Amino acid sequence: MTPAATTTPRRAPSGSVSERTGAQPPRSRRPRLPGRLRRIGLPYLLLLPALVLELLVHLVPMAIGIVMSFRELTQFYIRDLNSAPWNGLDNFALAVDVNQPVGESLLRSFLTTCQFTVLSVGLCWLIGTAAAVFLQENFRGRGLLRAVFLIPYALPVYAAVITWAFMFQRDNGLINHVVHDQLGLTDTPPFWLIGDNSFVALLVVSVWKGWPFAFLIMMAGLQNIPRELYEAAAIDGAGVWQQVRRITLPSLRPVNQVLVLVLFLWTFNDFNTPYVLFGKAAPEAADLISVHIYQSSFVTWNFGTGSAMSVLLLIFLLAVTAGYLLFTSRGKKPADAH
């Protein structure tokens, strides 16, 4: 054999396996960008209407309110808001100056709101948790009782609060009829919608319409606790209180963290309840900060100061929320990597 013959590449016979089967050589796959873009962009496209609505309803008014807080916007500039002069941080300084009437009244309203929020959230959580634990047991009429407990949460706020306003009337209200006429607990029919008793009336209405939400959330959380834990604890001799303290409350900790935060934000920002119950001028004992800001803005027509108060309230709520989330997440352990 000659050297040329040894270097000449050999051709595959015409009857090779690739030709007989018709198989094509492997080709490098190129990603189809239009298809991938459609798959990636579809979720964002579906979220676009909600994002636009959120922008129009919340973010745009919030931005306008922040701009208004830096202007001397009073009733003299209502026709032309852009003509209101800039005054920097003067509105904020006036709102936090407790030596001035504006700052003093804002501080008093803030403390009243803090007291009201702590009591309302605590009572809502306590009543809702107790009702949820009680209705975990099987008995006749449990479904009907659950539906009855959710009635205050299902009723419109305005209809419910107006009904309570009629019940709190001094001369012909149901509350005084029971407390004074039937039980004789007071010498004279008390005033509930004015004076110091207005705080009690506001707290009662807030708890009445707020605890069913806590009951609903806690009842949903209790469904995830295995019944075997309670059965094993009962066999070991644990009573009802020990089961609640050792099993129920630790298992509901993640639910409680979200529930308390939501109740806090709703209660601290509650405007509908005091406004419908007392009107535009809430009593001093029930002067929540939401109504106080409304009066500063739409009653005295000082929109600059009212906007500054709203911005301060926003900063306070953001700080409390961030601190609460950091505090409640300290004890969490990272999930094990698999």
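So what's the net charge close to His292: Lys and Arg +1, Asp and Glu -1, counting the other residues with Cβ under 15 Å from its Cβ?
Residues close to His292 contribute a combined charge of -2.
Kindly list the residues of segment 267-295 that lie in the label zone of Ala159, defined by a backbone N under 16 Å from the point 7 Å along the Cα-to-C-beta vector.
No residue qualifies, since no backbone N sits under 16 Å from the label point.
Could you put Leu47, Leu288 in order of accessible surface area, largest first, with the 1.4 Å probe and the full protein assembly present? Write out the running numbers ahead of the final one.
Details: Leu47 95, Leu288 0 Å².
I get Leu47, Leu288, largest accessible area first.
Ignoring ligands, DNA and RNA, what percent of the 1.4 Å accessible area of the chain is carbon and sulfur? Display every interim value, and only then the final one.
Details: 14620 of 22440 Å².
The computed percentage sits at 65.
Based on alpha-carbon positions alone, could you give the equivalent ellipsoid semi-axes of segment 112-301 from the gyration tensor, as √(5λ), descending, whole Å? Walk me through the numbers on the way to the answer.
Details: eigenvalues 260, 84, 40 Å².
Sorted largest first and rounded, they come to 36, 21, 14 Å.
Suppose R0 equals 45 Å. What FRET efficiency, 1/(1 + (r/R0)^6) with r the Cβ-Cβ distance, do Thr300 and Ala234 give to the nearest 0.05?
0.15
Contact order normalised by length for the chain, with contacts defined as Cα pairs under 8 Å and 6 or more residues apart; what percent is it? Walk me through the numbers on the way to the answer.
Values: 291 pairs, mean separation 82.7, N = 338.
It comes to 24 percent, rounded to a whole number.
So how exposed is His180, as accessible area in Å² (1.4 Å probe, rounded to 10)?
40 Å²
Please state the relative contact order of segment 249-337 as a whole percent: Cα pairs under 8 Å, 6+ residues apart? Before the final figure, lay out each step's value.
Working: 33 pairs, mean separation 18.8, N = 89.
For segment 249-337, the relative contact order is 21 percent.
Relative contact order for segment 112-301 using alpha-carbon pairs under 8 Å, separation at least 6, rounded to a whole percent?
Working: 183 pairs, mean separation 64.7, N = 190.
The normalised contact order for segment 112-301 reaches 34 percent.
Helix 101-134 against the longest principal axis of the chain: what's the angle in degrees, Cα atoms only, rounded to the nearest 10?
It is inclined by approximately 70 degrees.
Size of the dipole of the chain about the Cα centre, Lys and Arg at +1 and Asp and Glu at -1 on the beta carbon, nothing else charged, in debye to 20? Write out the running numbers ahead of the final one.
Values: 26 positive and 19 negative charges, 599 e Å.
Roughly 2880 debye for the chain.
Given that just one value was derived from the coordinates, which of (1) 105, 45, 31; (2) 61, 51, 35; (3) 131, 74, 35 is Cα extents along the principal axes in Å?
(3)
Given +1 on the Cβ of Lys and Arg, -1 on the Cβ of Asp and Glu, and no further charges, what dipole in debye does segment 112-301 carry about its Cα centre, rounded to the nearest 20? Walk me through the intermediate numbers first.
Values: 10 positive and 11 negative charges, 111 e Å.
Result for segment 112-301 is approximately 540 debye, rounded to the nearest 20.
Can you give the accessible area of Val96 in Å² (nearest 10), computed on protein heavy atoms with a 1.4 Å probe?
Probe radius 1.4 Å; accessible area of Val96 about 90 Å².
One quarter of the convex hull surface, Cα atoms only: what value does that give for segment 200-338 in nm²?
Numbers: hull surface 49.5 nm².
Averaged projected area of segment 200-338's Cα convex hull equals 12.4 nm².
Describe numerically, in nm with one decimal, the distance between label points set 7 Å from Cα along Cα→Cβ at Ala147 and at Leu261.
3.5 nm
Which order, highest average first, do 256-268, 68-80 follow once you tally other Cβ atoms within 10 Å for each residue and take the mean per peptide? Before the final figure, lay out each step's value.
Working: 256-268: 17.6, 68-80: 15.8.
The peptides rank, most packed first, as 256-268, 68-80.
In square angstrom, what is the accessible area per residue of the chain with a 1.4 angstrom probe? Intermediate results must be reported in sequence, preceding the final value.
On the way: 22440 Å² over 338 residues.
Ligands and nucleic acids excluded, the figure is 66 Å² per residue.
Once amide H atoms are placed 1.01 Å from N in the peptide plane, what residues at a sequence separation of 5 or more from Arg71, or on another chain, have their amide H within under 5 Å of its amide H?
Asn87
The values are calculated or read from the model by the stated rules, or taken from the named source; none is laboratory data. Just so you know, these numbers come straight off a predicted model, no measurement behind them. Quick reminder, even Gly has a Cβ in these numbers, built from the backbone with ideal geometry, and neighbours come from all protein chains shown. Accessible surface is based on the protein model in full, side chains and every heavy atom, while ligands, DNA and RNA are left aside. Shrake-Rupley method; radii C 1.70, N 1.55, O 1.52, S 1.80 Å.
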